[in-house]
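*Asks:* Shown below is the structure under consideration.
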Amino acid sequence: MVLLFFMLFGFIANTKAMWADESPYCHDTEPLAPNGVVLRMGERYYRTCGLWSDNMPWRQFRLDMNPNLIPDLYSRYSPTNLSVYENVDGIDRMVNQTSYLMATGTRVFGGIEYQSHESKVIGPNGKRSSGIYIFFPKEGDHRDIPEHWVTCAGWGRIRSDTLTCHVHVNVGAVVGTLLFIGSDQRGFDFVEHFPGFAQDIARVLEVADVTDELDDLEREIDIVE
């Protein structure tokens, strides 16, 4: 039994090593390949292959990383197109975005009910021009889906050929945001997948958060304070 345990342990260790060799953190096409960079965001540190900006009162960056490194990923789009914004004192991004809208009940996306806050402006097709849709997990209901909110603009056009939506997840130190643009040619199916993309954002940020690994990473990767 002991021999079997060590054989199994060795197999798992070798498999992880092979996986690490076959799955670099950054694809060759990324600007900071192959190892990326580590950025401080508030009290946490995130590893990315994308570029960052310090031109605002908060740091922001494009989180690009190898999708193969994310377990249970809903879409390979998520870890290669995620915008990440540092949370700073005095700014509640969700509250700020709902402050100029009115509560309009609920809407359902992907079988999940969202609180709806929409603009007073009615478009030519009779729909409100824009809205914010908030999901709060309820006890015993969809606990696997993180709290998140969705902002959309373009409902009110006669032709919905430029519907633009963002899915946002706040994980404390940062807010991760994914952008979706629908058109009559490309379709609008993405609106039924907001819950899955919210799960992805949380998973990607969890893997990219390397705060507890800094001592090992600083030998081979730049850390930007």
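The values are calculated or read from the model by the stated rules, or taken from the named source; none is laboratory data. Keep in mind that this is a model prediction, so the values were computed, not measured. All Cβ positions, even for glycine, are placed from backbone atoms using ideal geometry, and neighbour counts span all protein chains on display. Accessible surface is based on the protein model in full, side chains and every heavy atom, while ligands, DNA and RNA are left aside. Shrake-Rupley method; radii C 1.70, N 1.55, O 1.52, S 1.80 Å.
*Asks:* Count neighbours as other Cβ atoms within 10 Å of each site's Cβ, and list the GluC sites (Glu not before Pro) in region 111-177 that are DSSP loop with at most 16 such neighbours.
*Replies:* Glu139, Glu147
*Asks:* Here's a follow-up. Which angle from 0 to 90°, rounded to the nearest 10, does the C-alpha axis of helix 194-208 make with the longest principal axis of the chain?
*Replies:* With both axes taken from Cα atoms, the answer is about 30 degrees.
*Asks:* List the trypsin sites (Lys or Arg not before Pro) in region 135-204 that DSSP assigns to loop (not H, G, I, E or B) and whose Cβ has at most 12 other Cβ atoms within 10 Å. Which are they?
*Replies:* Arg143, Arg159, Arg186
*Asks:* Going by alpha carbons, how many degrees (0 to 90, nearest 10) lie between the helix axis of 2-22 and the longest principal axis of the chain?
*Replies:* For 2-22 against the chain, the angle is about 60 degrees.
*Asks:* Over the chain, what portion of Cα pair distances is larger than 24 Å, expressed as a whole percent?
*Replies:* Considering the chain, 52 percent of its Cα-Cα pairs are separated by more than 24 Å.
*Asks:* Under the Kirkwood approximation for Rh and a Cα-based Rg, what ratio Rg/Rh is obtained for region 97-225?
*Replies:* On the Cα set of region 97-225, Rg over Rh gives 1.07.
*Asks:* How large a share of the accessible area of the chain, in percent, is made up of carbon and sulfur atoms when the probe is 1.4 Å and the other protein chains stay in place?
*Replies:* Its accessible area is 53 percent carbon and sulfur atoms.
*Asks:* With every protein chain left in place, what is the accessible area per residue of the chain in square angstrom, probe 1.4 Å?
*Replies:* Spelled out: the 1.4 Å probe surface of the chain, per residue, equals 56 Å².
*Asks:* If you don't mind, there's one more thing I want to ask. Quick one: Cα convex hull volume of region 94-155, Å³ per residue?
*Replies:* Cα convex hull per residue, to the nearest whole number: 87 Å³.
*Asks:* Just to be sure I follow: if Rg is taken over the C-alpha atoms of region 113-184 and Rh is the Kirkwood radius over the same atoms, what is Rg/Rh?
*Replies:* Radius of gyration relative to Kirkwood radius: 1.05.
*Asks:* Now for a different question. Using Cα centres only, tell me the gap between region 173-225 and region 51-69 in whole Å.
*Replies:* Result: 9 Å between the Cα centres.
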